[in-house]
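Please read the structure below before turning to the comments.
The values are calculated or read from the model by the stated rules, or taken from the named source; none is laboratory data. None of these values were measured; they are calculated from a predicted model. Neighbour counts are summed over all protein chains in view; Cβ atoms, including those assigned to glycine, are modelled from backbone coordinates with ideal geometry.
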Amino acid sequence: MAGWVPKRFWKAADVAQADGGWTVHLDGRAVKTPAKAALLLPSRAFAEGVAAEWDAQGEALDPATMPLTKLANSAIDNVALNHAAVADMLAGYGGTDLLCYRADSPADLVARQRAAWDPLLVWSAGRFGAPLNTGAGIMHVAQPEASLAALAAEVHALTPFELAAFHDLVAMSGSLILALAAVHGEAGAEAAWDASRIDEDWQAEQWGVDEEAAETAALKRGEFLTAYRAFCLIRSS
């Protein structure tokens with residue numbers, strides 16, 4: 001029915017241990033995914049985050065305020081069933097990574113990119129054995145096959161829940177390297193996001209802020225930081 005909004009039918013959300021993980025109960029009844037699978041969560045901390053979203057709901061259910069629940073549903077109903085395909089898609093960003101495409105002018109923008117991006121490429125080369133080439137402009141920059149394979153192996157090693165959160169880090173930033181730097185602690189989440197916005201921020205400084213673009217960027221920033229928080233909760237004990 002058009003316009004129908006699900007109503008709150010529970011009084012309290014609680015975390016409970018389940019076979020192989022954790023789950024969330026609403027008044028003692030286990031939550032299911034949209035595909036009716038068990039909501040089996042990888043850590044207590046993540047389960048507590050999901051439960052808090054259910055507890056925070058008002059009279060009407062608002063899915064937009066439940067990003068951890070949405071991520072859990074995606075991990076179970078979609079990513080777990082298509083793990084290799086999702087990992088391949090995200091690993092593919094390594095071949096066209098944002099950090100590898102540089103401006104050749106003006107000098108200020110070139111310097112900003114170099115200062116923020118070069119250290120992360122050096123880190124990636126050492127951490128994963130995956131040096132990447134850089135070039136000026138938008139022409140395709142070929143990357144070493146061994147480097148792409150090493151980065152792909154790192155992505156494929158992620159669990160379905162980790163991969164679901166990692167997806168947003170890569171997609172929101174446009175960079176596999178920035179996402180890896182964030183989850184490995186090489187760059188803070190906010191610093192990684194700021195590094196992904198160097199070109200846009202420079203343009204705004206030159207020509208003024210476009211309010212619509214700024215609003216969109218703020219929404220994406222929120223999604224990026226939420227995905228990072230989710231990844232941390234997933235890996236916590």
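Can you pull out the residues in segment 30-83 that are among the basic types (Lys, Arg) and either surrounded by 16 or more Cβ atoms within 10 Å (Cβ to Cβ) or on the phi < 0 side of the Ramachandran plot (or both)?
Within segment 30-83, Lys32, Arg44, Lys70 qualify.
So, in segment 210-237, of the ones that are free of Cβ contacts under 8 Å to residues at least 60 places away in the same chain and small (Gly, Ala, Ser), which residue ends up surrounded by the most Cβ atoms within 10 Å (Cβ to Cβ)?
Per the criteria, the residue is Ala217.
So, in segment 113-146, how many residues would count as being part of a helix (DSSP H, G or I), loosely packed, with under 13 Cβ neighbours inside 10 Å and of a type in the set (Gly, Ala, Ser)? Give the steps one after another, and end with the answer.
Initially, segment 113-146 is screened for residues part of a helix (DSSP H, G or I), giving 113-128, 145-146.
Narrowing the set further to residues that are loosely packed, with under 13 Cβ neighbours inside 10 Å leaves 115, 122, 126, 145-146.
Narrowing the set further to residues that are of a type in the set (Gly, Ala, Ser) leaves 115, 126, 146.
Adding up the residues that qualify gives 3.
How many residues does segment 1-29 contain that are surrounded by fewer than 16 Cβ atoms within 10 Å (Cβ to Cβ) and within 23 Å of the chain's Cα centre (by Cα)?
Here the count works out to 0.
How about segment 161-183: which of its residues are surrounded by fewer than 21 Cβ atoms within 10 Å (Cβ to Cβ) and assigned to a helix (DSSP H, G or I)?
Glu162, Ala171
Here's a check for you: in segment 111-138, which residue that is polar (S, T, N, Q) and within 16 Å of Ala192 (Cβ to Cβ) is farthest from the chain's Cα centre (by Cα)?
Looking only at segment 111-138, we keep the residues that are polar (S, T, N, Q), and these are 113, 124, 133-134.
Keeping just the survivors that are within 16 Å of Ala192 (Cβ to Cβ) gives 113, 124.
Values: Gln113: 22, Ser124: 18 Å.
Here the residue is Gln113.
Rundown of residues vs (1) outside any helix (DSSP H, G or I); (2) of a type outside the set (Asp, Glu); (3) touching a strand residue (DSSP E or B) at 6+ places or on another chain (Cβ under 8 Å); (4) under 30 Å from Glu48 (Cβ atoms), yes/no style:
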| residue | (1), (2), (3), (4) |
| --- | --- |
| Thr69 | no, yes, no, yes |
| Ala87 | no, yes, no, yes |
| Tyr93 | no, yes, no, no |
| Asp104 | yes, no, yes, no |
| Val110 | no, yes, yes, no |
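Residue check: is Trp202 assigned by TED's automatic domain parsing to the domain that holds Cys100, touching a residue at least 40 places away in the same chain (Cβ under 8 Å) and over 26 Å from Ala80 (Cβ atoms)?
Yes: the conditions hold for Trp202.
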